[in-house]
1. Taking a ≥ b ≥ c as the square roots of the eigenvalues of the Cα gyration tensor of segment 1-142, is the shape rounded (a/c under 1.5), prolate (a/b larger than b/c) or oblate?
2. For residue 23 and residue 162, FRET efficiency with R0 = 25 Å and r from the beta-carbon atoms, rounded to 0.05?
3. Considering only DSSP beta bridges with both partners in the chain, what is the antiparallel share in %, to the nearest 5?
4. Taking 26 Å as the cut-off for C-alpha to C-alpha distance, list the pairs among 10/96; 153/209; 10/250; 209/258; 10/209 that go past it.
5. Between the helical axis of 220-233 and the dominant principal axis of the chain, each derived from Cα atoms, what acute angle in degrees is found, rounded to the nearest 10?
6. Helix 186-198 versus the longest principal axis of the chain: what is the Cα-based angle in degrees, 0 to 90, to the nearest 10?
7. Helix 238-248 sits at what angle to the longest principal axis of the chain, using alpha carbons and giving 0 to 90 degrees rounded to 10?
8. About the Cα centre of the chain, how large is the charge dipole given +1 on each Lys and Arg Cβ and -1 on each Asp and Glu Cβ? Please answer in debye to the nearest 20.
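Here, each number is a calculation from the coordinates, and none is a lab measurement. Note that the coordinates shown come from a computational prediction; the quantities given were computed from them, not determined experimentally. We place every Cβ from the backbone using ideal geometry, glycine too, and count neighbours over all the protein chains shown.
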Amino acid sequence: MKRAPVLIEKHGNVTLLRLASENPLNPLTDELVDALGDALGRIDADDAVHATVITGSEKAFAAGADIVAMSALDYAEAFRRDYVGRNWDRIRAHRKPLIAAVQGYALGGGCELAMMCDIVIAADDATFGQPEVKLGIVPGAGGTQRLPRAAGKSLAMQMCLSGASISAQQALACGLASRVVARERLVAEALDMAGSIARHSLPVLMAIKEAVGRSFESSLSDGLLFERRLFQAGFALRDQKEGMAAFLQKRTPEFLNK
Ligand code: DAK
């Protein structure tokens with residue numbers, strides 16, 4: 001029997017998704033990205049899940065889009081099928097917190113997938129790169145757009161124009177990753193972080209994700225107004241009452257996610 005390209009584990013109100021193609025480099029085939037999109041769609045619809053960790057194999061988070069499939073594409077077909085747009089958009093549209101736990105290679109679409117997540121934790125052996133230029137193509141899932149925002153223009157240009165990768169420590173230094181941990185501890189640390197996020201009120205977590213996301217899409221004044229309205233709307237939540245009452249009563253809040 002063919003194994004599932006994405007393995008799903010439940011850890012309380014955190015889900016762990018392991019990219020697990022037969023090739024441990026995890027080329028991002030349509031099958032794998034479809035399975036990831038399906039899993040994230042189910043998580044979005046499941047009130048019991050508050051946060052998700054996406055990880056890969058010991059060798060690779062993902063070594064990029066499937067070069068075998070891409071090598072056969074022509075322009076008409078890529079345009080007509082909106083090549084890989086459809087399934088990738090589902091990842092981008094996910095509304096709950098996503099943590100990428102990156103071990104080994106995160107190249108091309110693999111680096112772009114990590115950047116679509118809200119937080120990137122890297123194992124000390126992780127490498128990040130946008131090697132598309134070596135294949136005669138430009139990055140297609142955010143490398144030229146998210147990487148400059150995450151890593152700054154100069155480093156993003158260097159990576160996209162040369163195709164050379166950076167180390168986990170460089171990713172940490174430039175802000176592409178927020179933590180580097182020993183490879184043996186990667187998934188445990190990512191699950192710990194997800195758990196510390198997931199204990200909070202789900203609608204508040206989703207609103208924070210939306211607001212931080214908006215900061216990349218809008219002017220500062222529009223973003224600040226969006227944030228202020230979300231902040232004010234938060235007083236309609238029962239969890240605002242609970243959070244503040246718990247603080248004043250010196251107890252742990254019991255959020256209702258309402
Ligand atoms: N696709 C298909 N097969 C791959 C692959 C890939 N991305 N990466 C590796 N493989 C295959 C190799 O061909 C080899 O196959 P066999 O020869 O065994 O049949 C096997 O995996 C093992 O690979 P290597 O022998 O090369 O293994 P090494 O350990 O020596 O090297 C490596 C590992 C990761 C450094 C190397 O395999 C490598 O450089 N791989 C290619 C990395 C790459 O160029 N990635 C970028 C691809 S372009 C979009 C969404 C996404 C994208 C674009 C648009 N939209 C939403 C519009 C993304 C584009 C890309 O990612």
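1. prolate
2. Numbers: r = 26 Å, r/R0 = 1.02.
Efficiency at R0 = 25 Å is approximately 0.45.
3. 25 percent
4. Exceeds cut-off: 10/250.
5. 40 degrees
6. Taking the Cα atoms of the chain, the angle to 186-198 is about 40 degrees.
7. So the helix axis and the longest Cα principal axis differ by about 70 degrees.
8. Details: 30 positive and 30 negative charges, 151 e Å.
About 720 debye.
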